[in-house]
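Working notes for the structure below.
What follows is calculated from the coordinates using simple rules that are stated; it is not laboratory data. Bear in mind that the values here come from a model prediction, so they are computed numbers and not experimental data. Please note: Cβ atoms are built from the backbone with ideal geometry, for glycine as well, and neighbour counts cover all protein chains shown.
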Amino acid sequence: MEQHEHIIERYERAWIFFGLAMITVFIILIGYMMLTMGNTNPVGAGRIDATKVRTEGDFANPRIEQVGNEYVAYVQAFSFGYLPMEMKLKAGKKVTFYITSPDVHHGFQVENTNINVQVIPGEIAKVSYTFAKPGEYRIICNEYCGIGHANMISKLIVEP
């Protein structure tokens, strides 16, 4: 009977060691991915009264502008589109997106990149990315926001 209990303890120790080893591997993997693919975790950059997004502040004039050697984009996500509808920038330059919504919950995902932001009304999300390759990138909403959700597409043109 005691020998059986000893076997169980050995298996428990092995599973605990396996679990800790897997947690360590995943932490190292996440760190490696963040360093090699660029850190595109969106962060909160402030709040704005959702009823004033269209009339006051930087989001009243949605745009992309070059500031020094980088770009800054102020983007509105609304039912069922984005402003600006189309953005242009040069390849190899860092762009910082500030995104908010005046109405409902939306998504801001740039295809073929790891930019994926939940856009919450009144919350300003900030995410930065450097587009290394020229081309056209579609921006899509990946949060169901209503009957016109499927038509909520914008375009980002990265020029050489």
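Quick look at the values:
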{"read-out": "Residue list for segment 111-122, filter: surrounded by fewer than 18 Cβ atoms within 10 Å (Cβ to Cβ) and either aromatic (F, W, Y) or under 17 Å from F78 (Cα atoms) (or both)", "value": "N116, Q118, G122"}
{"read-out": "Test for F108: is it under 25 Å from I30 (Cα atoms) and surrounded by 21 or more Cβ atoms within 10 Å (Cβ to Cβ)", "value": "yes"}
{"read-out": "Single condition A21 does not satisfy, out of (1) in a helix (DSSP H, G or I); (2) in contact with a Pro (Cβ under 9 Å, 6 or more places away or on another chain)", "value": "(2)"}
{"read-out": "Residue satisfying condition, being without any contact (Cβ under 8 Å) to a residue 24 or more places away in the chain, within 23 Å of D49 (Cα to Cα) and in contact with a strand residue (DSSP E or B) (Cβ under 7 Å, 6 or more places away or on another chain), within set P84, P62, P121", "value": "P62"}
